[in-house]
Amino acid sequence: MARGCRTDCVERPLSGVLRRLGGLVGAHPWPFLLLPMLLSAALGVGFIQLPIRKSNDIEAQFTPRGGPAKAERRLAQELFPTRGAENFSAPRLTTEGAFASFVAVASQPSHTLLTREAFAELLALDAAVRGLDASGLTYAQVCARRDGSCSSPNPLLSAVGGDPARIEALLPGLTFPLWQGRFFLGASLGGVSVEPGAAEDRSRPVRAAKALRLYYYLREDDPAQREASLKWLKTFLERIPVLLAELHLTSVRVAYFTSLSRQEEFEKNTKEVVPLFSITYTLTITFSILSCSRIDCVRTKVWVAAFGVLSSGLAVLSSFGLLLFCGVPFVITAANAPFLILGVGVDDMFILVSCWQQTKVKDGVKDRMADTYAEAAVSVTITTLTDVLAFYIGIATSFPSIQSFCIYTGTAFVFCYIYNLTFLGAVLALNGRREESNRHWLTFMKVPTETEGSRGSAYNICCVGGSYDETTGAEYEHPMNGFFRKYFGPFVVHPLTKVFVVLLYLGYLGSSIYGCTRVKEGIDLRNLASDRSYVIQYYDWTDEYFKEYGPRVMVIVPESIPYWNPSVRADLENCMQLIENSTYVDKYLSESWLRIYVMIANRMSQNVDDRRSFIDNLPILYQANPESKWDVNVTDLEISASRFFIQTVSVTSPVDERKLLEQLRGLAADCKIPLIVYHPAFIYFDQYLVIAQNTIQNVVIATGAMLLISLLLIPNPLCSLWVTFAIASVIVGVAGFMAFWGVNLDSISMINLVICIGFSVDFSAHISYAFVSSEKPTMNDKAVDALYHLGYPVVQGAVSTIVGILVLSIAPTYIFRTFFKIMFLVILFGAAHGLIFIPVFLTFFGVCQKLPSRYNENASNVERGTPVKTFEEDSSHL
C-alpha cells in the first residue's frame, strides 16, 4: 500500500521521544531515582492539610449539586422559618432538625408494646434522657418547646403522664393512624394490628403494636442555640450506652439515633480502612516479587518488583499532597484511590519488565533502556491516557463525591506514569547494571554463568546465573508465555472451543441485560455507616415497623393569590385533589388550613369571598386550629404564601421514592396555581432523578473518547470498533451483575462504571492491536500469537489489581466493599474479554488484517544501525 496510508504517525514519533528518554535514564539513573523521592517528600507535606480539606458532609457529597429540593428548601426556610423556642411542630420542619430518637420494640416478637410493664420502662428511659446533663446543659434548656414546655417525644407517652397503668385505660379508645381525630400515629407507633372494619373506616381500634418511636427535638433558632444543642447531643451519644445498661430493660429493646449519628458514623469509615493499607501493600509486594522472580539469581527482578510498588506509593503521596495543598476537598470515596493506584501502577512495571526481557542481553544498559522505552513506554502512555481521560471525564458529574474521587485518582495516575518512567526506570537501569556485571540479586557479588563441576541443583539456583537464550540474544522465555503459546492459545481457537465461547458469551450477555433491568437506584443512607454501627439496628427496626407511612410533604403556594376568589379556591382545591389521588398519597390524612377555614366560616355564616372579610376573620381559624397560623403568611391585606400537608404511604423502596418525587412534582407543575412540593428527604430523593442520566452521560462520553484513542492505538478502524464493542460489553456485564451482587446504582457504584471504561480498554485494545499487527498467515495463528505475547502480562495486570483491592472485601463498610465488588467484576470481565472473547471473535473476521506500519517497513528504523524488529520482538511490551 502507499506510504500515505501509514497509521503509526502518532506512535512512531512518540516512540522516538521515549527512546531518547530511556537512553537518558539508562545513562544517568541516579537523578531520575532521587528527584522523584525529593518531589514526593516535598508534596507529601500537603497531608498536613488533610484535616482541613476533609469534606465528608453527606448531603454535600452524596446529593446532586443544584438539586431542585435544595432550592425548594431555601424557599421553604425563607417563607416558613422554624421557631423551636416558641411553638414547635415537627411536621413543619424545613430540615431534619436537631434531635435524639429511640425505636423501642417489644422484647418478644409476638408481644405487644402497649402494656404497663413496657410503658414503665419507657417512662424510665424518658426520665433518664430528660435528666441528662451536658456540662451544665440539661434537656429542658435546649429542648424545642410547645405551649411553654418541651415538645412531646410521643403522643402516647404524654397521654399516660407518669402512670404506666394508664395505657391500659387508653387502649380501648386508641385508633390508628389517627387518634382522637388529630394525633397522627403513623410515625410514632409501628407494627400495628387493628380491628377489622369497613374500607371507609380510615382509623380503626388498635389491637396491638410492636414498636414505638420517641423523638427529642432540640432548638436551632440561632447559632448559640445550635451550639448548645450540638453539645447536648454529643453528650447524649457518649452517655446513652451506659444509661441503657443501667436501666436493665426487660420488656422492651431499644435502638437509638441522633441527627449527628449519620455524619459521625460516616466519618469513622476512613479509620476503618486505614489498617487495610499495610495489608494491601504487603500482598502486592509479595505478588509482584513472585510474579517477576526467575530461578536465575542474576536475571530475577526482585528489586524492580519491590520498587515498582514503592513507585505507586510515591505517586499517591505526591498527587494527594499536591491536591490537598491546592485546596481540593478530600471525600471518603477518594480513600479508595490508593488501592486502585497500587494495583494499576504495578501493571506498568510488568510491561517494562516484560519488554526489558526481550532486549539483547549483550547490549549496554543505555541501549537496552532505549529499546525498552521505545516499545513499552508507548503502551504505558496509551493506557495511562485512557485511564486518566476516563477519570477526568467523570469530574463532569453533578455528585461531588464522584468529582473528588475522579480528580484524586486521575491525578494519581499522572504521577504514577511520571514516576514509572523516571523512578522505576532508574531502578530498572541500576538493576540492569547489576545484571551486566553478573552479580547476585541479594549479595551483589559476582557469580559464575556456568557450574564448575557437579555441585547440585540447589547450588545452581542460588549461586549460578546470568544465562540467556543464545539463539535470540534475549532472556529465556517465561514459562507462562510458553503456556499461552503451546496450550491456551491452541485450545481457544479450536472449533469446538469457539462454539462453546460463543454460547458462553450469549449466556453472559443475556444474564447481564436481565440484571440491568433489576438494578436498583440510589444510595441507602444506612450504607454510609459501618456494619458494626449502632445506627444499623435503628434503621432496620424503622424499616420493619414504620415503612407504611412515608414523609409528610408540604404543598406550598409560594406566591400571593386571591384566596377569597371562589374560582381561585376551586382551582387550588382541584390541584390538591389531583395530588391527593396520587398513588403514594392517603387523601384522608391531608391537612388544609383553607378547607378548615371555609368550613368554619360557612358554619358561622362568615363571608370568605371578600378580601377584607377573608383576612379579618383568619383569627377564627387560628382559634379552632392553632397550628394553622404557622401555615399562613399574612402581610397587610395579602397572604404572601401558605402551605398544606399531604401524607405519603407505601414508600418502601428507592423506586417508590423516585416515582413519588416525579409524580408530586409533575402534578404540582401542571397545576394552574403556582405550587411546590417539599420535604427534607427530597434532598436525597433528588439523586434518583439524575444518577442514571449522569452515569449514561459519563459512559457515553468516555466510550467515545476511548474509541478515538483506540483508533490511534490500533492500525485498523474495524478492530477499533471491536474495542468499543468490548467496552460496551464489559459495562453491560458489570451493571447487570451489580444487581445479582446486591449493589445499587448510586454515586459510589457510578465511580466504578467510569473506571470500567479505562480498564476494559487496557485489556481489549492491546489484544486487538497484537492481533492486527501479527505477521502470522491465518486468523487462528494471529489469535495464538497475540495471546502468546500478551496473555501473561494481562494475567499479571488483572491479578495485581485484584490483589490491590482484595482487602477491601473484608472492610466493614459498604463504600469499600462496593468498590471491591465492582472492581472485581471489571477486572474479571475485562480479562475474560481480552483473553477469551475478543481473540475468538476476531478470528471470525478476516478483514482485521494488518495495515502498513513501521513493523513491515524495513528501512524506517535505522536509528542505531540495528535490524528492524519483528512484531515478535516488539509486541512483548504488553
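A single entry from Glu246, Glu195, Glu220 fulfils the requirement of being of a type in the set (Asp, Glu) and within 19 Å of Ala127 (Cα to Cα): Glu246.
Can Ala127 be described as of a type in the set (A, V, I, L, M), part of a strand (DSSP E or B) and at pLDDT 90 or above?
Working: of a type in the set (A, V, I, L, M): yes; part of a strand (DSSP E or B): no; at pLDDT 90 or above: yes.
When the stated conditions are applied, Ala127 does not pass them.
The numbered conditions (1) surrounded by fewer than 18 Cβ atoms within 10 Å (Cβ to Cβ); (2) under 30 Å from Gln108 (Cβ atoms); (3) touching a residue at least 12 places away in the same chain (Cβ under 8 Å); (4) of a type in the set (A, V, I, L, M) are all true for Leu260 except (2).
In summary, Ser457 fulfils each of the numbered conditions (1) assigned by TED's automatic domain parsing to the domain that holds Val795; (2) modelled with pLDDT under 80 with the single exception of condition (1). Can you find even one residue in segment 187-210 that is surrounded by 15 or more Cβ atoms within 10 Å (Cβ to Cβ), small (Gly, Ala, Ser) and modelled with pLDDT under 90? Yes, segment 187-210 contains at least one residue that is surrounded by 15 or more Cβ atoms within 10 Å (Cβ to Cβ), small (Gly, Ala, Ser) and modelled with pLDDT under 90. Total residues in segment 494-532 satisfying the condition of being within 30 Å of Thr778 (Cβ to Cβ) and in contact with a strand residue (DSSP E or B) (Cβ under 8 Å, 6 or more places away or on another chain): the figure is 0.
So which of Ala702, Ala726 ends up being touching a His at 6+ places or on another chain (Cβ under 8 Å), in contact (Cβ under 8 Å) with a residue 12 or more places away in the chain and either on the phi > 0 side of the Ramachandran plot or of a type in the set (A, V, I, L, M) (or both)? Explain how you work it out, then say what you get.
Details: Ala702 fails: touching a His at 6+ places or on another chain (Cβ under 8 Å).
One residue alone meets the criteria, Ala726.
Considering (1) at pLDDT 90 or above; (2) assigned to a helix (DSSP H, G or I), the lone condition that Leu249 does not fulfil carries the number (2).
For Tyr505, indicate whether it is within 33 Å of the chain's Cα centre (by Cα), more than 30 Å from Asn336 (Cα to Cα) and in contact (Cβ under 8 Å) with a residue 40 or more places away in the chain. Break it down into steps so the answer makes sense when it comes.
Values: within 33 Å of the chain's Cα centre (by Cα): yes; more than 30 Å from Asn336 (Cα to Cα): yes; in contact (Cβ under 8 Å) with a residue 40 or more places away in the chain: yes.
Yes: the conditions hold for Tyr505.
Is there a residue in segment 567-577 that is out of contact with any Gly (no Cβ under 8 Å at 6 or more places or on another chain) and under 30 Å from Gly190 (Cα atoms)? Lay out the reasoning, then the answer.
So in segment 567-577, the residues out of contact with any Gly (no Cβ under 8 Å at 6 or more places or on another chain) come out as 567-577.
Applying the additional criterion that residues be under 30 Å from Gly190 (Cα atoms) yields 576-577.
Yes, some residue in segment 567-577 is out of contact with any Gly (no Cβ under 8 Å at 6 or more places or on another chain) and under 30 Å from Gly190 (Cα atoms).
For segment 128-172, taking the residues that are closer than 19 Å to Lys234 by Cβ and β-branched (Val, Ile, Thr), the one that is surrounded by the most Cβ atoms within 10 Å (Cβ to Cβ) is identified as Val142. Looking for something more than 23 Å from Ser229 (Cα to Cα) and in contact with an Asp or Glu (Cβ under 8 Å, 6 or more places away or on another chain) - is there at least one such residue anywhere in segment 134-147? Checked segment 134-147: no residue is more than 23 Å from Ser229 (Cα to Cα) and in contact with an Asp or Glu (Cβ under 8 Å, 6 or more places away or on another chain).
Just to verify a result, which residue in segment 425-445, among those that are of a type in the set (A, V, I, L, M) and modelled with pLDDT under 95, is surrounded by the most Cβ atoms within 10 Å (Cβ to Cβ)?
Of segment 425-445, the ones of a type in the set (A, V, I, L, M) are 426-430, 442, 445.
Adding the requirement that they be modelled with pLDDT under 95 leaves 442, 445.
On the way: Leu442: 11, Met445: 9.
Checked segment 425-445; the qualifying residue surrounded by the most Cβ atoms within 10 Å (Cβ to Cβ) is Leu442.
For segment 598-616, filtered to residues that are surrounded by 12 or more Cβ atoms within 10 Å (Cβ to Cβ) and of a type in the set (A, V, I, L, M), the residue that is nearest to Asp636 (Cα to Cα) is Ile615. Within segment 621-654, being surrounded by 15 or more Cβ atoms within 10 Å (Cβ to Cβ) and among the β-branched types (Val, Ile, Thr) holds for Val632, Ile639, Ile646, Thr648, Val649, Val651.
What pairs come out if I take residues in segment 29-58 that are not assigned by TED's automatic domain parsing to the domain that holds Thr422 and pair them with residues that are surrounded by fewer than 13 Cβ atoms within 10 Å (Cβ to Cβ) whose C-beta lies under 6 Å away, six or more apart or interchain? Between residues of segment 29-58 that are not assigned by TED's automatic domain parsing to the domain that holds Thr422 and residues that are surrounded by fewer than 13 Cβ atoms within 10 Å (Cβ to Cβ), there is no close pair.
So for segment 529-547 (the condition being touching a Pro at 6+ places or on another chain (Cβ under 6 Å), in contact (Cβ under 8 Å) with a residue 24 or more places away in the chain and of a type in the set (A, V, I, L, M, F, W, C)), does at least one residue qualify? The answer is no; no qualifying residue exists. Of all the numbered requirements in (1) of a type outside the set (Asp, Glu); (2) in the same structural domain as Asn431 (by TED's automatic domain parsing); (3) modelled with pLDDT under 90, Cys462 misses one, and that requirement is (2).
Of the residues in segment 289-296, at least one is more than 21 Å from Phe413 (Cα to Cα), touching a residue at least 60 places away in the same chain (Cβ under 8 Å) and in a helix (DSSP H, G or I).
All of Ala370, Ala390 fail the test of being under 22 Å from Leu711 (Cβ atoms), assigned by TED's automatic domain parsing to the domain that holds Leu753 and buried (at least 24 other Cβ atoms within 10 Å of the Cβ), apart from Ala390. For Ser760, the test of being in contact with a His (Cβ under 6 Å, 6 or more places away or on another chain), in a helix (DSSP H, G or I), at pLDDT below 85 and assigned by TED's automatic domain parsing to the domain that holds Ser401 is failed.
Scanning segment 97-108 for residues that are in a loop (DSSP other than H, G, I, E, B) and closer than 18 Å to Leu122 by Cβ yields Ser107, Gln108. Against the conditions (1) under 23 Å from Phe682 (Cβ atoms); (2) exposed (fewer than 14 other Cβ atoms within 10 Å of the Cβ), Glu548 satisfies every one except (2). Do we find that Leu322 is surrounded by fewer than 24 Cβ atoms within 10 Å (Cβ to Cβ) and in contact with a Leu (Cβ under 9 Å, 6 or more places away or on another chain) in this structure? Yes: the conditions hold for Leu322.
Screening Thr63, Thr95 for residues that are under 30 Å from Ile395 (Cα atoms), in contact (Cβ under 8 Å) with a residue 60 or more places away in the chain and surrounded by fewer than 17 Cβ atoms within 10 Å (Cβ to Cβ) leaves exactly one candidate, Thr95.
If I filter segment 225-239 for residues that are part of a loop (DSSP other than H, G, I, E, B) and in contact (Cβ under 8 Å) with a residue 24 or more places away in the chain, do I get at least one hit? Don't jump to the end; show me each part of the working.
First, pick out the residues of segment 225-239 that are part of a loop (DSSP other than H, G, I, E, B): none.
Within segment 225-239, none of the residues are part of a loop (DSSP other than H, G, I, E, B) and in contact (Cβ under 8 Å) with a residue 24 or more places away in the chain.
The values are calculated or read from the model by the stated rules, or taken from the named source; none is laboratory data. Keep in mind it's a predicted model, so treat the numbers as computed, not measured. Backbone-built Cβ (ideal geometry, glycine too); neighbour counts: all protein chains shown.
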